[in-house]
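Scroll down for the structure; my scribbles are underneath it.
The values are calculated or read from the model by the stated rules, or taken from the named source; none is laboratory data. What you see is a predicted model, and the numbers here were worked out from it, not measured in a lab. Cβ placement follows ideal geometry from the backbone for every residue including glycine, while neighbour counts extend to all protein chains displayed. What goes into the accessible areas is simple: the full protein's heavy atoms, side chains included, and nothing from ligands, DNA or RNA. Shrake-Rupley method; radii C 1.70, N 1.55, O 1.52, S 1.80 Å.
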Amino acid sequence: RECPPVAARDGRTPPGTAMSRGRLAQHALLLVLPLLRVSESSVDMEAYAPKSCKYSPIPDSLTSRAYSVFTGEVRVHDVFGLPSTLKRHVLQIDVKTPSLLTLQAEVGRDTPATLAVDAYRRGQVGNPSGRVLFGSSFLGAGGEDTKAFLHGFLGEKDLEIDVVFDLLSVELAASQVDSRVAEARCWPVRLDVVVVPASRAALHWPTTCGSENFLPPGLQDGQVKELGDAGLSLAPPKETGRHYVYRFGDERPWNGFERSLWSGTIEVPPRMHRFVRFFMQASFRFSSGPLQLVIELFDLKDMPDPTALSPKCLLGCLGGVPVYNGQVVDHAMPTGFKYKLWLLAAGLSEWTRVLPDAGKHCLEFDFEYSIKFEERMTPFEIGPSAWMCESSRLPERVVQTSKPWPTDRLATSDHLVAGRSIWIRDRFGFPPDEVSDMEHVVEVEVSEPSVFRATTHHSDGVDVFIALSRKGDNDRVCKTLKHPGQVPRQSIFCILQPGNYRLTFFAEFPLGGLHPCSDFFAQIGLRPIALSNEDKTKQCLSSASDLTALEVKKSLALTTTPRWTAVKIPITFDASPGIVTVWSHSVTLSEDDALQRLYLRLVVHSDYISSDLRFQVRFEGKYVADTQVTSHGYADMIGPLDAGTYYVTMYYVSGTGGSAGQKLCSTSMVDLRLVSRSSYGGGNITAQWLCTSTRVPPPDSLTPQADEQVLLDSEYVLPSSGSHNIRLKFDDPRLVRAKATSETADFTLEL
């Protein structure tokens with residue numbers, strides 16, 4: 001077969017090109033075929049071998065000079081790879097004289113398998129009578145049952161043994177296994193093996209033991225130690241060459257790692273977006289005195305048992321990572337828990353039988369630890385994750401004064417709001433310097449008697465609470481009241497006399513952590529009583545609305561067309577705050593009504609500082625309304641409604657600190673109706689429904705009293721006509737500012 005001819009630059013085919021290309025192709029073909037045959041034959045040989053394991057395989061025998069020395073000792077401390085396709089691996093150990101064996105095999109946390117290790121006489125694997133030593137499973141760095149521990153004495157009949165490693169798979173979902181690990185199918189195994197001839201056992205123990213134990217000092221006399229900003233640490237003994245000593249010559253034998261040499265409980269207070277760094281290191285002779293480091297987890301409300309001899313791991317434990325003749329823990333743990341630290345010793349009774357001299361029955365070890373909050377900021381506090389958050393920063397000071405506040409003082413004061421009448425409303429987040437404690441204090445300075453109101457609303461991931469106290473005193477000035485409903489929303493409403501106060505926003509750090517941009521909606525309002533017009537207030541009180549005729553009616557009109565009803569409701573003051581119901585109504589739906597996909601539309605607009613009217617709905621004994629804050633009130637769209645009776649109530653929170661018989665009054669607007677989705681006919685029904693159900697129309701009229709402020713700051717929807725008129729009525733000079741923006745339309749404002 002000839003290759004296509006290659007044209008020269010002048011377009012002609014060079015002489016001999018086709019023949020030479022053909023010969024080259026034939027030679028190349030002859031060279032490729034033998035290579036293919038070699039690769040096919042090699043596939044059979046490596047069908048079950050890991051293709052990309054970065055660890056060396058576990059050796060089949062330790063008789064090599066790589067592991068054994070001329071003294072008869074065998075020593076292995078390394079990480080090997082165990083193919084997942086192999087369910088059993090046999091390791092041969094040959095010794096010439098009776099010896100002491102200590103073996104530990106451990107898999108990592110990412111390995112979906114555990115190990116079981118036993119030792120048999122040569123050639124008797126699987127025969128129960130041929131088993132020489134039994135292995136046990138313990139807590140390791142990878143979790144429960146990830147460490148197999150085997151130790152014992154090899155007598156004259158057991159100089160040749162087979163150590164059997166059985167790989168026990170754990171059922172996991174495919175998404176839980178790293179794709180790279182799944183392809184490699186090679187699980188790393190940390191293997192520590194030491195074989196010491198009995199004649200050399202004394203060289204692996206201290207030459208002499210002291211008369212008493214010398215153990216690391218406790219944290220705080222066995223009590224719970226709270227971790228502070230300075231952290232906790234323990235350095236090695238200052239004396240050169242001195243080690244900690246534990247005498248077990250007078251102790252009863254124990255099994256496994258069940259003897260505690262040192263323990264201490266630490267309470268770590270919650271710190272948002274912070275972790276606590278645990279570093280512990282223990283050094284010991286693995287052959288004769290292996291130790292284990294453990295961190296045991298407890299809830300803050302739980303009290304660890306001070307008399308426990310070993311961890312129970314009810315909420316979980318973290319084990320140390322084995323290194324050469326030691327263990328290390330270097331791990332970041334979440335805050336808001338109690339942690340009990342353990343240093344455990346294994347019982348090796350075979351060593352005491354070989355060396356009966358009780359004067360040498362002790363083990364020496366080194367131990368140090370360092371526990372402190374992480375100094376490195378998480379990505380939630382630096383970089384784009386922080387400055388892209390939409391929440392505002394809570395002010396540090398709110399100054400209520402009748403005098404003009406100099407602009408130069410505003411420029412030099414950080415996070416200050418000053419004025420005679422103040423209303424603050426926004427989505428806030430805890431400042432970065434206070435995010436760990438989740439508590440922020442706003443200093444409130446009042447220069448004249450004023451009506452004060454502070455409320456918390458929707459919060460993201462955490463419940464926010466408020467408290468008001470006089471500066472320098474922890475006693476609360478005005479009590480906090482929780483609103484009815486499933487969400488813990490709170491209000492403080494009272495009359496403050498001139499003085500300095502502290503308004504505290506606080507929350508509890510959730511157990512599962514908090515999103516970095518979590519925020520909450522809050523409002524703070526202050527209005528001097530001197531700004532209120534007594535004549536207007538008396539006129540409002542005398543013309544208070546009779547709400548008996550108010551009811552929820554079924555309406556076929558779109559929610560873009562408002563149906564406002566003006567109401568005047570007196571606001572009272574009592575000795576303690578309470579929920580005052582001003583109107584209630586029941587709506588009963590039949591099975592036929594439920595098929596019409598009805599929704600309950602509730603909107604309330606009122607003056608925030610003086611009234612703050614709200615509503616709530618109960619169905620089958622449960623609160624079902626999740627009121628959303630609008631620019632001047634609250635709104636909700638509940639549905640589609642099931643058959644049954646819905647109880648709608650409108651209420652306000654009574655104030656405290658007022659004089660006898662003192663009342664406030666203002667004009668409020670309500671829009672209560674039943675709407676059906678079937679009324680949204682023509683065009684894009686779903687788009688219209690979603691748009692109108694999540695937004696409220698602007699009000700038809702605004703008639704504030706002399707002491708009222710009006711702030712409309714929200715998203716609204718206009719009727720299909722594309723225009724809307726708001727009637728403004730003022731009895732005193734006013735400053736009016738209006739602005740409208742939209743992503744899809746241009747607006748013209750006319751006054």
**Q.** Förster radius 22 Å - calculated FRET efficiency between ARG122 and SER64, Cβ distance, rounded to 0.05
**A.** 0.80
Q) Applying 1/(1 + (r/R0)^6) with R0 = 41 Å to the Cβ-Cβ distance of LYS553 and ASN474, what FRET efficiency is obtained, to the nearest 0.05? A) 0.25
**Q.** Projected label distance in nm at ALA740 and GLU448, using a 7 Å step from Cα toward the beta-carbon
**A.** 3.6 nm
Q. In nm, what is the difference between 0.36 nm times the number of residues separating GLU715 and VAL90 and their Cα-Cα distance?
A. 217.8 nm
**Q.** Loop-located chymotrypsin sites (Phe, Trp or Tyr not before Pro) in region 247-333 whose Cβ has at most 12 other Cβ within 10 Å (DSSP)
**A.** TYR324
**Q.** region 87-166, accessible surface, carbon-and-sulfur percent (1.4 angstrom probe)
**A.** 47 percent
Q.
Full-extension gain between ASP250 and GLN662, please, as 0.36 nm times their residue separation minus the C-alpha to C-alpha distance.
A. 140.2 nm
**Q.** From phi via Karplus (6.51, -1.76, 1.60), per-residue ³J(HN,Hα) for region 322-334 in Hz, x at Gly/Pro
**A.** x, 10, 5, 6, x, 9, 9, 10, 9, 9, 9, 10, x
**Q.** Spacing of the two label points (7 Å from each Cα toward its C-beta) at LEU315 and SER391, in nm
**A.** 2.4 nm
Q) Which distance in nm do the two modelled labels at HIS585 and ASP302 give, with both placed 7 Å along the Cα-to-Cβ direction? A) 5.2 nm
**Q.** DSSP-loop chymotrypsin sites (Phe, Trp or Tyr not before Pro) across region 59-104, with at most 11 other Cβ within 10 angstrom
**A.** PHE70
**Q.** Estimated FRET transfer efficiency (SER56, HIS415; beta-carbon r; R0 45 Å; 0.05)
**A.** 0.15
Q | J(HN,Hα) series, region 186-196, from Karplus relation 6.51 cos²θ - 1.76 cosθ + 1.60, nearest Hz, glycine and proline x | A | 9, 9, x, 10, 7, 10, 10, 9, 9, 10, 10
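Kirkwood Rh, region 191-316, all Cα pairs: how many Å? Provide the component values of the computation, followed by the final result.
Values: mean 1/r = 0.0565 Å⁻¹.
When all Cα pairs of region 191-316 are included, the Kirkwood radius is 17.7 Å.
Once you have the Cα-Cα distance between LEU749 and GLN223, take 0.36 nm times their residue separation minus that, and quote the gain in nm to one decimal.
This chain segment gains 182.4 nm when fully extended.
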